[in-house]
Amino acid sequence: MAVATVLRGLGSWNVTLREDTPKAVLDSLRYFGHITIQTGRVDPRVAGDSLLRSSRYTGVYRARKDRPDGQTDISGVGMAVWLGDEDGKGAVIETLTTLTNEPFHTALPQLLPDSVQPGTIFNIGENFTGAFQYVSPRQAIDYICQTMGAAWRVNGDGTLDAGEEADLYVTDPKVIVARNQAGRDLRRRALLGQLSTDQDVEDFTTRVLLLASDAAGSYATGDADILPGLNIYNDLFGNPVEMTRLVSETGTSSGNADARAQLQLNRFTGTRDSLDLSSSEYDIPGDIEVGDYLWVWDPEKNILDYANEVYAPWGELINPMKLQLTEVAWPIDNTMSVCFRDHEGSWVDLTDYFMPETGSTGIVVGGYSRSLTSGDGGAATQPPPPEVNLTIPDVVPWVESDFLQSVYQSDSGETKAQAELVWLQPDNTDSSNMVDGDHYEIRYRSSKIPLFPVTHAQMAVYTHQQLADNGGTWGQPIQYPLGEWQYLFVPFDKLRAIIYELTPSMPYEAQIRAVDTGSFTSPANAGAWSASTYFQAAADTLPPATPAPAEVAASLIAIQVKHFLGRAEGGIFNLDADLNHLEVHGANEPNFTPSSDTIIGKLQATYGMINGEIPAVGTFQVSDLVPVFFKVIAVDVAGNKSLPSTAVGETADLIDDSHITNLTVSKVTAGTITATWLMAGLIRTAISGARSEIDINGLRLYNSTSFNTVNLNSSGSFSLKSSPSGSRMEIDSSGFRLYNPSGANTVNLKSSDGTAVMTGTLQSGLSSDPQRIVINPTPTDLARIDLYDDGSIDHITLVNFGGNFIMQRESNSTRTNNGGRIFFTSGSAHFGYANVTLESYIRFDNTDAIRLKGHFAKTETMSGRSALYCDKIGGSGTSTIVSYGATMVGQMLPFVEIMPTSGGTTTPVVGGTGTVTKSHVISASSLTGFTVAYSSGNCDIWIWAARAY
Amino acid sequence: MAVPTFQMGRLVLREDFTAADGVAIDGSQALSLSGQESMPRWTAEGIARQREDFLSMLDKFVPVIFSGKTYLNGFYKVISVQGDVNDFIPENLKVFAWSLGLWKLGTQSSMDIESRLSGAEARSNNFSSTGERTHAPAIGHNAYWAGSSIPSSIVRASEDGNITVYRDVAFTVHPRWAISPEQYGLGRVRIEDANFERAGMNISMDPEAWTLSNGLVRVVPNAPGGTITFSAWDSGAWVSRNWDILVGSGPAVSLGAFDYCTIIRNEFEMVTLRMIKSTAIGRVMLDVTLRRGSRIVELFVQTTTSTTVKVVMSAATAVSQLPGYVVTTADDGDGNRATVGAAKTFTADLVNGGISRSGTLEFDAYIGLAIGGGSAVSGETAADLFEQYIGMPTETVRGVTR
C-alpha cells in the first residue's frame, strides 16, 4: 500500500518512480525532503508551499531503493517524525523541562522542537504537572495528550494542532461501515467494501495497578477499578471475572498515577472491537481522516450500540457503534499527483514519473493492524533518569512548632528523653522542585546554652573565674560542655525523625540537610546544613517502680527499717537505676495514704547500693503505743516518686515502770490518766478556744472564741449564756432574757423590779385549745387581745385600731364583726350591735349628742321592768284593750295612733266637751295595760309605751 | 411448448436442461445453473430488467423453485452471478446469457428460517413509548419458535391470505420458523415497476409507476392527488387515501412527482424505496419502507437545508392528537381511521389531518390505517400501530441448520 496513515503514529508512504525518470529528478530527491500527494493534477511551481497543507498527504522522505528493473522506490514516514521517530530519535528534550500546573495549550509549545511550530492548540481547561528529560517531543506530547484525554497531529506544513478530539477530528460521524451495505444519502456515507471484524476479550481488564516512577526515580502507584456494570463476565463458579493488569510506567509522577491507571483501564474495559474494511473507494480521505469517528454496524456480530440511533443510507434504522478510525492505507492511483519539496524549498513534480497503483483502500477502526505497529511508536514514554545531576538541594527548613518530646525508660532502667524533629521538603537552590531527593542527614549534640534563665543559686557554686573559663557570658553565665555531633540518616520521603537516648532536661541543638540521588557518573549533591535548632529534652517524669515493703524490727520507742531495694513485683536490688532515696511513712492504720504528715524519715538508696547489693537500713523513733504501719516510697534523682509499697505493721516497745524512777512532764498530750485524784491550781482542757476550766473559783466553759458561756461560781452565783450573740438565752442574777437571731431582746424578766417584757404573742393555750386568751396575736400588727370560747366560730377581741378602741365579737377567720360591739374614738362612743348587714347602737358624740341607730321594740319577753312596749295590733268595734304582757313595776306612758282599715269609719268621734277632734282616746290604763276607744270600725293601732317610773 | 422456468426469489429465469450439482469437501452442496433470457419471451426492456435483477442477486438468501427439477427445490444462497449481454443490432434481438452458483442451505425438512431481529427495543422517541416488537413470518409458516414462551399474535387478512403477526417478541430472541420454498413468498413485500416485481437493487425505476405492497398495505405514487396513495386491504378490497408530503418553509409545498426512484433494499421481509426530488434549494430525499405483515408504511425525509417537512392527508380530515400520532376523529366510510405519527416531536395539523416538523434536516414518520376504526381490535388500533412503529425491529433472514 502506498500511503498508510496512523493515528498518533508515523505511518508510512512509498512511491515507485519509473525507470525513465530523469537522473536530475532523482538527484534532486534529498533525504528529509517532503513529498505531497494530491487528488488531481496540480502544478507545484504555482502552488508552492501551499501544497504542504492542502495536499491529501504530506510525508518525509527517508529511504530509497533502486530496483533491478530500473525503477526506484522512495519511501518515508509521516510528518510526526519531526517530533521523534519510531526509535525515539529526534529533537530529544535534553534539558529537564518541568511543567508545574501548566495549562495544556501553553505546555505543549514548550516541548516543541524547532522543526515543528505551534499550530492551533486549543485550551482544553486542563493543567499538567510533570517533567520531561531525555525523551522525544512526540513521546512527551503524546504522554500529555493521553493523560489529559486530548489528541494531537502534525500538519503537512509542520505545525502542531492539539486539543480535544472534537477540536481536531469529526466526532459526529458522517461515515458508516457495515457488512454488505453501502450507499450515500444527504448526511452520511456507507463505505463499500469487504468488511471483517475482530472482537476479543484478550485484553479485557477489570483493574489496573500502575507502578510508576518519575524522572527522578521516585515510585508511585495508581489504580483504577472497572465499573461493576461493565464487568458482565463470570468465572466457572459465578464469580465476576477478575483480570488485573499490571502496568509499569516510567516518567509518571505520583500526581498523574491514578489518571494514567484509569486511562489504561479505559482501554480494556470491554471487548476489543476492531474492523478492517477493504474498500474499492480510493478517495476515502475525502470523507474521513485518521482520527475521525465513524459508525460501525454489524448486528450479527454484535457490533452495535443501542445508545446510538442512526438512519442508515440504505434505508434502515440502525444502532451502530461509534469507533475511531485509527489507520488508513490507500493506493496512489493515476488520478493523483505527487510532488517533492527539497531542503531548499524547491519543488519537483513527480507526477509524470511515478507508477500509479491499483488496489483497495484499507481502513482500520478501533485498533491497530499489527503490520503497522512499528509505525505507531506511540507507546507510553520510557524516559531514562537524568545522567547529570546539576541540582543542589536548598536549605531544609525546620518546623519547630511541630517538635514533639517525651521520656522513656531505657533498657538499663535509666530515664531517657526523645525528640521528634519535623521539617519541610526543600526545593533546589535554583528554585526548581526537588524531584531527585535521596535522603536527609541530621546531626545533633548537647548544647552549651541552657534554654532557661540561670539563677543565682546555680551560679553560687562557681567563682567568676570558673564561669569565665567555662565560656560564660553576661547573658549566659553558665554554659555546658558542648557535645559531639551525632548523625542520623532519614529517607527522603520522610519529613519527621525521632532522636533517642537524650538526657532529660538537657539543651540540644540539631541541624539538617538534604542529599539528592547520585550515580556512578554523577555524584549526589548535598545541600547546606540548616541553622541549628535548639530544644530542651523533656524532663524526667517517669516515677520509679513501686518498691517492695520494707522489713521492720521493733525496739524501745523506735523501729528499724531495712529495705533490699527490690520491686513490689519481686526481686531484690532491682529498683530503678536513677533511684535517689526511700521515703519511710508511718500511720496507725494500714490503708493510710502517705503524705507529708505521715513521713517518718528518708533512707538513702542509690544505684551504687543497688549495684553493690547493699540494703538500706535506718532507725526511726516511734512514740505511739499502738501498732504502726509503715510504707516506703522510692524517689529518683529527678524527684519522681513511686507508688507506696504495701504496709507493714509493727509496734514500738513501751518503757515500763521499772525503767522510770521519776517523771516530770510539762504536758500530757495523749493517753488516759487513771489517777484517783489530781491536784492542780487550774484544770482546763485548753489554753484558749473552746475549753472547760475548773479552778478554785468554780467551773467555766468557753466556746471556740473564748466567750464564757457558763460560769458556775463557787460563791453560788452563776450565769448561763447559750451564745455570745444572736438568738440566745441568758440567765444570771439580773433575770431571764431571750434574744432573737438579730440580737434584739425579746423577753426580759427583770429581777430588780419584777418587770416582765415580752415581745411576741402571749397565748394561754394551744391554737387547738377552744378556750384561750391570746395577747398580741400578730406582733407586727395591731395591739390586740383575743378571747376565745368553747369552739365558736367567733371570738371577742379588744384592739387598739388607729388610736380607737374596739371591743367586739368577730369571726375567727375574717375578723368581721358579728355581735356586740363597743367602739371608742376620740369623738364618739358607740355601744351596740353590728354584723355584716345590720347595725344598731347608741352613740355619744363629743357634741353631747346622743344618737340611736336601729328600731324600737319591746323586749322579747316583757317584764315589769321593761322600759318600752311597742306594738301594732288590729282593732275593731269601738275599743281595744292593749296588754303589756307583764305587770309593770311603774306606770307606762303610752302613745297611741290609730288608722281606720277596711270596714272602719273615718268619722272622728267627738267626745268630751267642746269641739275636739280626736280619732281615739285611752279610755283606761293600769300596770298591765290600757284601753283604746275609738269610733266604731276596724282599724290598725300603733302603740309606743315607755315606762316612766 | 412452454419454456420451463424456475423461480429464484422474486426472479423467474429460464430453467435449462442441465444443473451442475456437486458437494464440496466441507459437505456443502453447490448448484451451478446457466441459461439465457431472450426475445421473444421477453421484450428488450424485459431483458434489461431481468439483467438488472439478476446481477443484484449475489449473496442473497433465496427460495428456488423449479418447474421441472422440483427435487432441487429448496433454500439457497447465491454465491456467484455472471452474465453476457448479446445485442444483435440489425435483428434488434437481445439475449442475456447468465450463469449462477448456488449454495444449498436446505429444505423445509432440514433447516429453519431464522429471523435475526436487530434494532433497539424502542427507537429513540420523545413520547416515552416503550414500543412493541412485532415479527411477521411468511404466510404458511409453522413451528414458530421465539424463546421460552410463545408470543401473542394477531392474524391480519391480506391479499395473499391470512398473515400472522407475533407481538411483543422478546428483545434478545431471534425467532426460527419453518416453511416450504413454495410458500416462502406469500405475504412478502414486493416492489413492482410497471407491473413487474423487481428483485434487484439500485436499479432503474420509473418514479411515477411503482407499487410497493405487502398484501396489507399498498403504496403508489400519486402526483396529481398529492404525493402518494396509501391503500389498505380491508375486507377483500383495497381502500385508499391520498397523502401529501410537503417541504419548505413559507409555506411548505408539495413534493409532487419525484425525479428519481430506486430500490435500496429489496428483501421479502422488507423493501425500501428511495426517491429524489430536485428542488430550488438542492434535493429532497424520501425513503419509503414497507415490512412484511406491517399495517404501516414508514417514511424518512432528508432535506439539504433545514426546513419544514409535513405529511398530511390530501383531503382535509379532522384528526385528534395523541402522544406520537394523530388519528382521524371519526371512522371513514369503510369504518377505518387513518393515522400518521412520528417518533420525534411534531406539530399536529388537526384540521387537515397531518403532522409536521419545522427547522429540521430529517423527518421520520409513518402512515397507517386502523382497520376497524374506533372499534379496532387489539393490535390494530392507532395506538397499537404507533407502538409497533416505535418497536419495529430490522429483520435479516438466514437459513440455519436445525
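Every number here is computed from the coordinates shown, using simple stated rules; none is lab data. Quick caveat: nothing in here was measured; it's all calculated off a predicted structure. Positions of Cβ are generated from backbone atoms using ideal geometry, with glycine treated the same way; all protein chains shown enter the neighbour counts.
If I stretch the segment between B:E159 and B:V351 completely, what's the gain in nm (0.36 nm per residue apart, minus their alpha carbon distance), one decimal?
Length gained between B:E159 and B:V351: 65.9 nm.
Within a Cβ distance under 13 Å of A:V747, other residues only, what is the Lys/Arg minus Asp/Glu net charge?
+2
For every other residue with a beta carbon closer than 13 angstrom to the beta carbon of B:A223, add +1 if it is Lys or Arg and -1 if Asp or Glu, then tell me the sum.
-3
Counting other C-beta atoms within 10 Å, which of A:S530, A:S714, A:S50 has the fewest, and how do the rest follow?
A:S714, A:S50, A:S530
Compute the distance in nm between two label points, each set 7 Å from the Cα along the Cα-to-Cβ direction, one at A:Q199 and one at A:D69.
It is 4.3 nm.
Taking a virtual spin label 7 Å from the Cα of A:K89 along the C-beta vector, which residues in the stretch A:1-42 bring their backbone nitrogen under 15 Å of it?
Only A:31-33 pass the distance filter.
Along the Cα-to-Cβ line of A:D402, 7 Å from the Cα, sits a label point; which residues in the stretch A:482-512 have backbone N less than 12 Å from it?
Output list for this probe position: A:494-497.
According to the square roots a ≥ b ≥ c of the eigenvalues of the Cα gyration tensor, what is the shape class of the protein assembly as shown, taking rounded for a/c under 1.5, prolate for a/b larger than b/c otherwise, and oblate for the remainder?
oblate
Using 0.36 nm per residue of separation minus the Cα-Cα distance, give me the extension gain between A:E897 and A:D753 in nm, one decimal.
Stretched out fully, the A:E897 to A:D753 stretch lengthens by 45.0 nm.
Under the rule of -39500 (n - 2.57) per DSSP H run of 4 or more residues, summed and divided by the residues of chain A, what mean residue ellipticity at 222 nm is obtained, to the nearest 500 deg cm²/dmol?
Roughly -1500 deg cm²/dmol at 222 nm, from the helical runs in chain A.
So if I take the centroid of the Cα atoms in the stretch A:869-887 and the same for the stretch A:427-485, what is the distance between those two points in Å?
The distance from the Cα centre of the stretch A:869-887 to that of the stretch A:427-485 comes to 139 Å.
So how far apart, in nm, are the two label points at A:K494 and B:S148 if each is 7 Å from Cα heading toward Cβ?
Label-label distance for A:K494 and B:S148, simple model: 6.2 nm.
What's the exposure ranking of A:K631, B:K77, A:K89, going from fewest to most Cβ atoms within 10 Å?
Listed from fewest to most nearby Cβ atoms, that is A:K89, B:K77, A:K631.
Taking the inverse of the average 1/r across all pairs of different Cα atoms in the stretch B:294-402, what Kirkwood radius in Å do you get?
Hydrodynamic radius (Kirkwood, Cα pairs) of the stretch B:294-402 is 14.6 Å.
Charges only on Cβ, +1 for Lys and Arg, -1 for Asp and Glu: so what's the dipole of the stretch B:110-157 about the Cα centre, in debye to the nearest 20?
140
Quick one: A:E420, A:E441, fewest Cβ neighbours within 10 Å first, how do they rank?
In order of increasing Cβ crowding within 10 Å: A:E420, A:E441.
Answer with one residue from A:A634, A:A558, A:Q536: the one whose Cα lies farthest towards the positive end of the charge dipole of the stretch A:512-642, charges on Cβ with Lys, Arg +1 and Asp, Glu -1.
A:Q536
Could you compute the net charge surrounding A:T206? Neighbours are other residues with a C-beta less than 12 Å from the C-beta of A:T206; K and R count +1, D and E count -1.
-3
For a protection proxy built on the mean count of beta-carbon atoms within 10 angstrom, sort A:129-137, A:454-462, A:689-697, A:2-10 highest first, please.
Ranked from most to least packed, the peptides come out as A:2-10, A:129-137, A:689-697, A:454-462.
Taking the Cα atoms of the stretch B:281-325, report the difference between the largest and smallest coordinate on each principal axis, in whole Å and largest first.
So the extents along the principal axes, rounded to whole Å, are 32, 29, 23.
Using 1/(1 + (r/R0)^6) with R0 = 41 angstrom and r between the beta carbons of B:N242 and B:V400, what's the FRET efficiency to the nearest 0.05?
Rounded to the nearest 0.05, the efficiency is 0.45.
State the extension gain, in nm to one decimal, for the chain segment bounded by A:S925 and A:D695, taking 0.36 nm per residue of separation less the distance between their alpha-carbons.
Going from the current span to full extension adds 72.9 nm.
If packing is taken as the average count of other Cβ atoms within 10 Å, what order do B:116-123, A:853-860 fall into, highest mean first?
B:116-123, A:853-860
What FRET efficiency would be calculated for the residue pair B:D87, B:A223, taking the C-beta separation as r and a Förster radius of 30 Å, to the nearest 0.05?
It comes out at approximately 0.30.
Report, as an integer, the average count of C-beta atoms from other chains found within 10 Å of each Cβ along B:282-290.
Going residue by residue through B:282-290 and averaging, the value is 2.
If I model a spin label at A:N713 and A:A166 as a point 7 Å from the Cα along the Cα→Cβ vector, what separation in nanometres do I get?
Each label point lies 7 Å from its Cα, and together they span 12.0 nm.
If you count, for every residue in B:120-130, the Cβ atoms of partner chains within 10 Å of its Cβ, what is the mean?
The shielding value for this peptide is 2.
A 25 angstrom limit on the alpha carbon distance is what I want to check against. Which of A:K448/A:K641; A:K301/B:K60; A:K174/B:K77; A:K448/A:K602 exceed it?
In this structure, A:K448/A:K641; A:K174/B:K77; A:K448/A:K602 exceed 25 Å between Cα atoms.
Indicate the gyration tensor shape class of the stretch A:733-843 (rounded, prolate or oblate), computed on the Cα atoms with a ≥ b ≥ c the square roots of the eigenvalues: a/c under 1.5 is rounded; otherwise a/b larger than b/c is prolate and the rest oblate.
prolate
Please work out the FRET efficiency for the pair A:N804 and A:I683, using the Cβ-Cβ distance as r and a Förster radius of 60 Å; give the result to the nearest 0.05.
FRET efficiency, A:N804 to A:I683: 0.40.
What does the structure give for A:305-315 when I average, per residue, the other chain Cβ atoms found within 10 Å of the residue Cβ?
5
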